Amino acid sequence: ETADGGEIPDTIVVGTNAEFPPFEYVNDDGDVDGFDMAVMKEVGKKIGSDVEIKNMEFKSLIGSMESGNLDVIAAGMTVTKERERQVDFTDSYYTAKQYVIQKEGGSIKSADDLEGLTIAVQEGTTGDLLATDEIKDSNVKRFKKGVDAVMDLKKGGSDVVIIDANPAQEFVKANKGLELVKDLFDDESYAFAVQKGNTKLKDAINDALKEMKDDGTFDKLVKEYIGQ
Ligand code: ARG
């Protein structure tokens, strides 16, 4: 917990989990790339700070921030009540939702059809929470990487994957024999997280985001990385 409104570091340490295309992934050069990274680099420029990226497991991000090792989490992170007790969120920058991935011709049409199924998820995500808390009698298989959940579905280890819409689309595009079931679940809002009480950094990020929206940089990055 930061007293006195926090501070804006010369180097902003940004935590992510680069297993979540198009928001973050490791590119062909071996660098962590993606929409969130591009936005944070632009934010850094506007604030006048360097940006250093730390790639780690998704479920470790909040703990790492709470122990003071991260200034920002940029990880397609959904704002939830529970997380709001642990970190502060910036303004939301993207609206998403959970999609279901099933094998082509699968039988899932509604959320009720998921009852009792074996559901593969990325550990610690809102897809995990949904599968665990909202689906009756689910058997939840948790993977460190979303792509490994998809591989498990492909080889018949699970019935479906529940994961955010954009990576779901990318994973289905990259793998034959899979299809999406959309629109079963509610919208979620992505935001960047800062340490609890670091109002200065939160406000600076919000100002930079607003500037980027006004000057067209934000939309340019949406087009480049997300393609809408
Ligand atoms: N939006 C989901 C959540 O907040 C999944 C985010 C996963 N992000 C990642 N970089 N792996 O729980």
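Summary table
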read-out: Members of segment 95-126 found to be within 12 Å of the ligand (Cβ to nearest atom) and of a type in the set (Ser, Thr, Tyr), listed by number; value: Thr95, Tyr99, Thr125, Thr126
read-out: Residues of segment 63-85 that turn out to be part of a helix (DSSP H, G or I) and within 12 Å of the ligand (Cβ to nearest atom), as a count; value: 2
read-out: Residue satisfying all of: in segment 149-185; acidic (Asp, Glu) and touching a helix residue (DSSP H, G or I) at 6+ places or on another chain (Cβ under 8 Å); surrounded by the fewest Cβ atoms within 10 Å (Cβ to Cβ) among these; value: Glu179
read-out: Test: Ala96 is of a type in the set (Gly, Ala, Ser), under 23 Å from Glu7 (Cβ atoms), in contact (Cβ under 8 Å) with a residue 60 or more places away in the chain and in contact with a Gly (Cβ under 8 Å, 6 or more places away or on another chain); value: no
read-out: Pairs with Cβ under 6 Å, 6+ apart, first in segment 9-30 and within 16 Å of Glu170 (Cα to Cα), second among the basic types (Lys, Arg) and within 10 Å of the ligand (Cβ to nearest atom); value: Glu19/Lys145
read-out: Residue check, Ser107 more than 22 Å from Glu82 (Cα to Cα) and of a type in the set (Ser, Thr, Tyr); value: yes
read-out: All positions within segment 1-48 that are among the aromatic types (Phe, Trp, Tyr) and more than 22 Å from Lys213 (Cβ to Cβ); value: Phe20, Tyr25
read-out: Helices (runs of 4 or more DSSP H) wholly inside segment 130-228 containing at least 1 residues that are within 16 Å of the ligand (Cβ to nearest atom) and either assigned by TED's automatic domain parsing to the domain that holds Leu70 or closer than 30 Å to Asn69 by Cβ (or both); value: 146-154, 165-174
read-out: Given (1) under 20 Å from the mean Cα position of the chain (by Cα); (2) under 19 Å from Phe171 (Cα atoms), number of the condition Leu130 does not satisfy; value: (2)
read-out: Flag for Gly105 being at positive phi, touching a residue at least 24 places away in the same chain (Cβ under 8 Å) and assigned to a loop (DSSP other than H, G, I, E, B); value: yes
read-out: Breaking point among (1) closer than 21 Å to Ala18 by Cβ; (2) touching a residue at least 60 places away in the same chain (Cβ under 8 Å), for Glu211; value: (1)
read-out: The lone exception for Lys223 - which of (1) in contact (Cβ under 8 Å) with a residue 40 or more places away in the chain; (2) exposed (fewer than 14 other Cβ atoms within 10 Å of the Cβ) it fails; value: (1)
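One line per residue, one yes/no per condition, for (1) assigned by TED's automatic domain parsing to the domain that holds Ala74; (2) modelled with pLDDT under 95; (3) exposed (fewer than 14 other Cβ atoms within 10 Å of the Cβ); (4) within 30 Å of Phe143 (Cβ to Cβ):
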| position | (1), (2), (3), (4) |
| --- | --- |
| Glu1 | no, yes, yes, no |
| Gly6 | no, yes, no, no |
| Thr16 | yes, no, no, yes |
| Glu19 | yes, no, no, yes |
| Tyr25 | yes, no, no, yes |
| Asp33 | yes, no, no, yes |
| Val39 | yes, no, no, yes |
| Asp50 | yes, no, yes, no |
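The values are calculated or read from the model by the stated rules, or taken from the named source; none is laboratory data. The model shown is predicted, which means the values in this text are computed figures rather than measured ones. Heads up, the Cβs are rebuilt from the backbone with ideal geometry, glycines too, and the neighbour counts pull from every protein chain shown.
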